[in-house]
1. Kindly indicate whether SER25 is at pLDDT 50 or above, at negative phi and not in a strand (DSSP E or B).
2. Just to check your reading of the model, which residue among SER321, SER317 is among the polar types (S, T, N, Q), at negative phi, surrounded by fewer than 17 Cβ atoms within 10 Å (Cβ to Cβ) and assigned to a strand (DSSP E or B)?
3. Is there a residue in segment 276-288 that is more than 30 Å from VAL187 (Cα to Cα) and assigned by TED's automatic domain parsing to the domain that holds GLY63?
4. Looking at segment 279-286, is at least one residue modelled with pLDDT of 80 or more, under 15 Å from LEU61 (Cα atoms), assigned to a strand (DSSP E or B) and more than 14 Å from the chain's Cα centre (by Cα)?
5. Quick test for you: out of LYS377, LYS341, pick the one residue that is surrounded by fewer than 19 Cβ atoms within 10 Å (Cβ to Cβ), part of a strand (DSSP E or B) and free of Cβ contacts under 8 Å to residues at least 40 places away in the same chain.
6. Residue under question is LEU124, and the condition is that it be among the aliphatic types (A, V, I, L, M) and over 30 Å from VAL199 (Cβ atoms); does it hold?
7. Any idea which of (1) modelled with pLDDT of 80 or more; (2) farther than 25 Å from ALA59 by Cα is the one ILE389 doesn't satisfy?
8. Restricting to segment 223-253, count the residues that are at positive phi and modelled with pLDDT under 75.
Amino acid sequence: MVLRSHRPAALAGFALLLGLLSACSEEKPAAGPGGMPGAGGPVTVGVVTLKESDVNVNAVLSGRVVPFASADIRPRVGGIIESIGFEDGKPVEKGQVLYKIADDSYEATVAVAEAALQKARASLPTAEANVTRYEQLVDSGGTQIQLDNARLTLAQARADVASAEANLKAARIDLGLTEVRAPISGVTSISNISVGTVVTASQADALTTIRQLDPIYVDLTDSSANLLRLREAIASGTLKQTPNVGQVKLTLENGTAYDKIGTLQAPDFTVSQTTGSFSIRVRFENKDQLLLPGMFVRAAVMQGQERGFLLPQLAGSRDPSGNLTARFVSPEGKVEERVLKTERAIDNAWLITEGVKDGDKLIVDGLQRIGTGMDVKAEEVKLGPSGEIERPAQEQAPADAGKAGEQPAAPAESGGSN
């Protein structure tokens, strides 16, 4: 009997709850899928107005830094290293003494050669006098054979002098080579030997290596297919040549831009049979030695200018066939999708040469809330340097105000006991 008395009250409470839910649903505005208004009016989308212009075309290539000049230092005479005249990794000048080889044996060789030269020269006056005497005696009883022998002796004496002079010159050269000098200016690597090491002439292992770092080279790699396309674009007039064609800008491994402009030196006119690529050498100033041999860099090579439209990459997408598509606002205020043709990417945009015209309104914001054929309201927006949409400051105000109204959390009380 008690349970039956509570049943009407429970039914009345359930009916009241249904009434409240019904009232809430009536107050909520109707909305379409994805947050799109139903009969509330067109969706507002952010657009940018496209304008045709001359666009700088750059080829982005990868490359490696190589020294302007490099020399492996090897001794030309053998001996024991007495001293080292440089610090590892420090700059050296051309002609600076790098290593000193013990020269006592070479000085002795020079002394022997000097003595041999003096001996050869000592016999020369006698041989010359004999020739003169026999030339006078030929007409007064002397024989021709004696004159010929005297002339032969003189020739041999002169040859002995020339030989002794050459031996002395070679001995002095070897003595000078005991001082191993820098053939170029540059920066040394770590020395591979120390004082007291025995070295041999023209040994296989280098004592150290000198690399010239200012200026410096960057070797870039490009495919032969790109080279053919470039020549075709220039020949057809699509790619216009400008005074700054051939200038090269570098991006370092950490993403920073190198502040010097490089100039093309000479391409390698041989295409690799394995990779189908060829090399391009670029010269850069490197006074601060920021570029070091072996570093990986990315280079933007200026190729010319091409007439077209820059379409931000955030506004484009690919259809199942891989074609580039983008959405525009038609003159009637409806969304239309177009398939576009592009040849290349320029920074954060696609270079479009067909399918658009001056004044076309490209949709860049609100793409997830629209479909083809929908009525929309176009609102101009600005894009930042990286292609991102620049939001007005007032759009952030509500969020900032909400954060300002939040109360800071109270510090937790210490749980320690007295």
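The values are calculated or read from the model by the stated rules, or taken from the named source; none is laboratory data. All figures in this text were calculated on a predicted structure; none of them were measured in a lab. Backbone-built Cβ (ideal geometry, glycine too); neighbour counts: all protein chains shown.
1. Values: at pLDDT 50 or above: no; at negative phi: yes; not in a strand (DSSP E or B): yes.
Considered against the rule, which asks whether it is at pLDDT 50 or above, at negative phi and not in a strand (DSSP E or B), SER25 comes out as no.
2. Working: SER321 fails: assigned to a strand (DSSP E or B).
After applying the criteria, what remains is SER317.
3. At the first step, the residues of segment 276-288 found to be more than 30 Å from VAL187 (Cα to Cα) are 276-277.
Those left that are additionally assigned by TED's automatic domain parsing to the domain that holds GLY63: 276-277.
Yes: one or more hits.
4. Within segment 279-286 (the criterion being modelled with pLDDT of 80 or more, under 15 Å from LEU61 (Cα atoms), assigned to a strand (DSSP E or B) and more than 14 Å from the chain's Cα centre (by Cα)), the answer is no, since none of the residues qualifies.
5. Values: LYS377 fails: free of Cβ contacts under 8 Å to residues at least 40 places away in the same chain.
The unique qualifying residue is LYS341.
6. Working: among the aliphatic types (A, V, I, L, M): yes; over 30 Å from VAL199 (Cβ atoms): yes.
Taking the combined requirement at face value, the residue satisfies it.
7. All conditions pass for ILE389, except number (1).
8. So the count comes out to 1.
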